[in-house]
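Worksheet for the structure shown next.
The numbers here are math on the coordinates, done by the rules we state, and not lab data. Fair warning: this is a prediction, and the values are worked out from it, not measured in the lab. Here the Cβ is made from the backbone with ideal geometry for all residues, glycine too, and neighbour counts use every protein chain on show.
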Amino acid sequence: MSISALQKERAKYQPKLPKSLKGNVKLVEGAKTESVADQKEIAELFPNTYGMPLITFEAADAATDRQPVNVGVILSGGQAPGGHNVISGIFDGIKNIHPDSKLYGFLGGPGGLVDHKYMELTADIIDEYRNTGGFDIIGSGRTKLEEEAQFDKGLEIAKDLGLNALVIIGGDDSNTNACVLAEYYAKINSGVQVIGCPKTIDGDLKNEMIETSFGFDTATKVYSELIGNIQRDANSAKKYWHFIKLMGRSASHIGLECALKTQPNITLISEEVAEKKQTLGEVVDYMAGIVANRAADGNNFGVALIPEGLIEFIPEMKTLISELNDLLAEGTESEKEFKMLKKSHRNEWVAGHLSETSSNVFSSLPSGIATQLTLDRDPHGNVQVSLIETEKLLGEMVKTRLDEMKEAGDFAGKFGTQYHFFGYEGRCAAPSNFDADYCYSLGYTASVLISEGKTGYMASVRNTTAAADEWIAGGVPVTMMMNMEKRHGHMKPVIQKALVELDGAPYKYFVTKRGEWATGTEFVYPGPIQYFGPTEVCDQTTETLKLEQA
C-alpha cells in the first residue's frame with residue numbers, strides 16, 4: 001500500500017513495554033474476585049470463570065520451555081486508534097513464546113469467526129500496519145456473539161486452525177460477549193481460551209483494573225486540536241458561537257477531557273444534568289446566561305461542547321422518548337394512524353397523544369428536531385437518539401431565549417452560530433505515543449495470558465501516568481466487571497458502563513474552573529499530536545488520568 005512520510009517514520013517507532021514484559025515473565029496471582037454487583041446471579045451464570053484471581057506479571061529469572069501457540073484475533077465494534085498495535089503486540093508476544101506460533105485474523109469482526117473468513121497474519125503484513133490508525137488490517141464488525149450455534153461454528157474453525165485461543169478486541173458489549181464465549185468453551189472443555197482487550201474512544205470501559213480504554217487518548221487529542229483551531233478562529237473573528245457535539249455515546253468522558261485540554265466557555269456534562277434533574281429549559285437558560293454575560297463584556301463569541309448522549313440524560317426528554325417509542329411502536333394502531341396523516345399534521349397529532357408534561361416539552365422543540373424524534377427509528381422501533389442534532393436543538397433554543405431576553409432588555413449583544421459534530425475524525429487517527437505503547441503492551445499482555453493457559457480474562461495495564469517501564473501488566477477476570485441490566489426486556493449479564501463520576505477528581509477540578517472559563521477567553525490551543533520530540537511533549541497521557549492518579 002502507498003504510505004506517507006509520517007507513516008514511514010512511524011513504522012520505525014518501537015513501542016515501549018513495561019519492564020515485566022521485556023524478558024522472562026512469571027505470574028503472580030492475587031485475591032479471588034467477585035462481580036461489582038449481583039454476585040449470586042453472575043456466579044450462577046459463569047460457574048467456570050467466576051471468582052478467578054487477579055493476575056500481575058513480574059520479571060522472572062529463568063526462561064521456561066514453551067510450546068508454540070496459535071491465536072485468532074477479532075476486532076469488534078467501532079474503530080479506535082491503536083488497534084493495529086494490539087495485534088502487533090500479540091504477534092510479537094506469541095513469536096517470543098515460540099517462533100512457530102501463528103496468528104490468524106478473522107475478517108470483518110465477530111462475523112468472520114462465525115462465517116470462517118480469516119487470513120494468517122505474517123510478519124510482512126504486520127510490519128505494514130505498526131503504529132498506524134484504523135482497523136483496516138482485518139476490518140471490524142458489529143455481529144454479536146450471543147448464540148450457542150455461533151459459538152459452535154466458531155469452534156469448528158478454531159479446531160481446523162489448531163487455535164489455542166481467541167483474542168477479542170472491543171468495548172463493553174464485545175467483552176461481555178467474549179466472557180460468555182469463554183464460559184461456554186470452558187464448560188464444554190473445548191481447549192480454546194478467550195482473552196479480551198479494552199477498546200473504545202468513549203472512555204466508558206474503565207474501572208479499578210482498567211484505567212483507560214485504548215483510543216481515548218488519541219481521539220480526545222484529535223478533537224482537542226480541532227476545538228483549539230475553532231477557538232482560535234472564534235477569538236480572531238469574534239462574531240460566532242460554535243456549538244460542538246462530541247462523539248461518546250452515553251458517557252461524557254470525551255467532553256470532559258476535551259474541556260480540560262482546551263478550556264472552552266461552556267461544557268455540558270450529561271451525568272451532572274441527570275443528577276440535578278435539569279429540564280431542557282434549565283440547560284438552555286444556563287447556556288443563554290453565559291452568552292449574555294460574555295456579550296455584556298463585548299464578547300459576542302464563544303465555544304460550547306455538547307456530549308452526544310445529552311438528550312437521554314435530561315429526565316423530561318427521557319420520558320418523552322419513552323412515550324414516543326410506545327406511541328409509534330411498529331404495528332400498533334397509533335403508529336398506523338400516525339402514518340396515515342399528512343406530514344404537516346403529524347407533530348400536532350403527536351403532541352395531542354402524549355402526557356401533558358411530554359406534550360409541552362415536544363411542543364417547545366424546534367419543528368425540525370420534533371420531526372426527527374418521530375421519523376428516525378432503529379430496528380427495534382426506538383428513536384435513534386444519536387441522530388438527533390443536539391447542537392442545533394440547543395443553538396436554536398438559546399437563540400429563542402436570547403430574543404426573549406432582548407425584548408425584556410436583558411440582552412443587547414449579537415448571537416450567530418456555527419455547528420460542528422466531531423466523531424469519525426478521531427476514530428482512526430494514527431495513535432499517540434501513549435496509545436501506541438499502551439496498545440502494544442495490551443497485546444503483549446494477552447499473549448502471556450494465553451501462554452499461561454488463562455481464559456475469561458481481560459488484558460490489563462495499569463499505573464499508566466508513570467513511565468511505560470513502570471506500568472503494571474496483568475489480567476483481570478471479566479466477570480469481576482459485570483452486573484445484571486435490563487436489555488430488550490430481559491435481565492442480562494453485562495460489563496458495567498463507567499459514566500463520569502461527579503465525586504471524581506477530573507470533574508471536581510473542572511467545576512472549580514468552568515466559571516472563569518465561561519466569562520474569560522482563556523482558550524488553550526493544543527495543536528496536532530506530536531510523535532517526535534521531548535517526552536514531556538510526546539508521551540503525555542490524558543488530563544483525566546493525571547487528575548485521577550494525582
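Data table
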{"item": "Residue (of V284, L310, N347) at the positive-pole extreme of the range 282-348, dipole from beta-carbon charges", "result": "N347"}
{"item": "In order through the range 541-550: 3J(HN,Hα) via Karplus (6.51 cos²θ - 1.76 cosθ + 1.60), integer Hz, x for Gly, Pro", "result": "8, 6, 4, 4, 5, 4, 6, 5, 10, 4"}
{"item": "Dipole moment magnitude, nearest 20 debye, the chain about Cα centre, only Lys, Arg, Asp, Glu C-beta charged", "result": "840"}
{"item": "Cα-centre dipole for the range 259-403 with unit charges at Cβ (Lys and Arg positive, Asp and Glu negative), debye to 20", "result": "400"}
{"item": "Of K342/K414; K277/K492; K95/K159, pairs whose Cα-Cα distance is over 32 Å", "result": "K342/K414"}
{"item": "Sites matching GluC sites (Glu not before Pro) across the range 271-338 that sit in DSSP coil, with at most 12 neighbouring C-beta atoms within 10 Å", "result": "E330"}
{"item": "Rounded, prolate or oblate (a/c below 1.5 giving rounded, otherwise prolate when a/b exceeds b/c) for the range 32-79 by Cα gyration tensor", "result": "oblate"}
{"item": "Residue pairs, from the table K40/K497; K392/K513; K318/K546; K276/K486; K187/K486, whose Cα atoms sit over 29 Å apart", "result": "K318/K546"}
{"item": "Full-extension gain in nm, K22 to V524, via 0.36 nm per residue minus C-alpha separation", "result": "176.9 nm"}
{"item": "Additional length obtainable on full extension of the chain from E128 to A466, 0.36 nm per residue less Cα span", "result": "118.7 nm"}
{"item": "Test item: Cα-centred dipole of the range 35-168, Lys/Arg +1 and Asp/Glu -1 on Cβ, debye", "result": "160"}
{"item": "Net charge of neighbours whose Cβ lies under 13 Å from the Cβ of G51, counting Lys and Arg as +1 and Asp and Glu as -1", "result": "-2"}
{"item": "Long-range tail of P(r) for the range 1-61 (Cα pairs > 18 Å, %)", "result": "63"}
{"item": "In order through the range 272-289: 3J(HN,Hα) via Karplus (6.51 cos²θ - 1.76 cosθ + 1.60), integer Hz, x for Gly, Pro", "result": "5, 4, 5, 4, 8, 6, 6, 7, 4, x, 5, 4, 5, 4, 4, 5, 4, x"}
{"item": "Antiparallel bridge percentage (DSSP; both residues within the chain; nearest 5)", "result": "45"}
{"item": "Per-pair calculated FRET efficiency, R0 = 22 Å: Y424 and K8 via Cβ, rounded to 0.05", "result": "0.30"}
{"item": "Cα-projected label distance for E404 with N325, points at 7 Å along beta-carbon direction, nm", "result": "2.9"}
{"item": "Cα pair distances exceeding 16 angstrom across the range 246-354, given as percent", "result": "68"}
{"item": "Nearest-ten-degree value, helix 148-161 long axis tilted from longest Cα axis of the chain", "result": "40"}
{"item": "Contact order relative to length of the chain, as percent, for alpha carbon pairs under 8 angstrom and 6 or more apart", "result": "24"}
{"item": "Net lengthening on full extension, R232/E337 (0.36 nm per residue, minus Cα-Cα)", "result": "32.7 nm"}
{"item": "Residue-wise HN-Hα coupling along the range 175-182, computed from phi with Karplus coefficients 6.51, -1.76, 1.60 (Hz; x: Gly, Pro)", "result": "6, 4, 5, 4, 5, 5, 5, 4"}
{"item": "Inter-label distance, nm, simple model (7 Å from Cα along the C-beta direction), E485/D285", "result": "3.2"}
{"item": "Quarter of the Cα convex hull surface for the range 358-467, i.e. its orientation-mean projected area (nm²)", "result": "13.9"}
{"item": "Nearest-0.05 FRET efficiency for E44 and N189, computed from C-beta distance (R0 22 Å)", "result": "0.65"}
{"item": "Separation in nanometres of the label points that stand 7 Å from Cα toward Cβ, at E156 and N360", "result": "6.0"}
{"item": "Positive minus negative residues near G289 (Lys, Arg vs Asp, Glu; Cβ under 11 Å)", "result": "-1"}
{"item": "Among A165, F91, S270 - extreme Cα towards positive end, dipole of the chain, charges at beta-carbon", "result": "F91"}
{"item": "Kirkwood Rh (inverse of mean 1/r, distinct Cα pairs), the chain, angstrom", "result": "25.0"}
{"item": "Selected from N463, G520, Y507, residue furthest toward positive end of dipole (the range 458-550; charges at beta carbon)", "result": "Y507"}
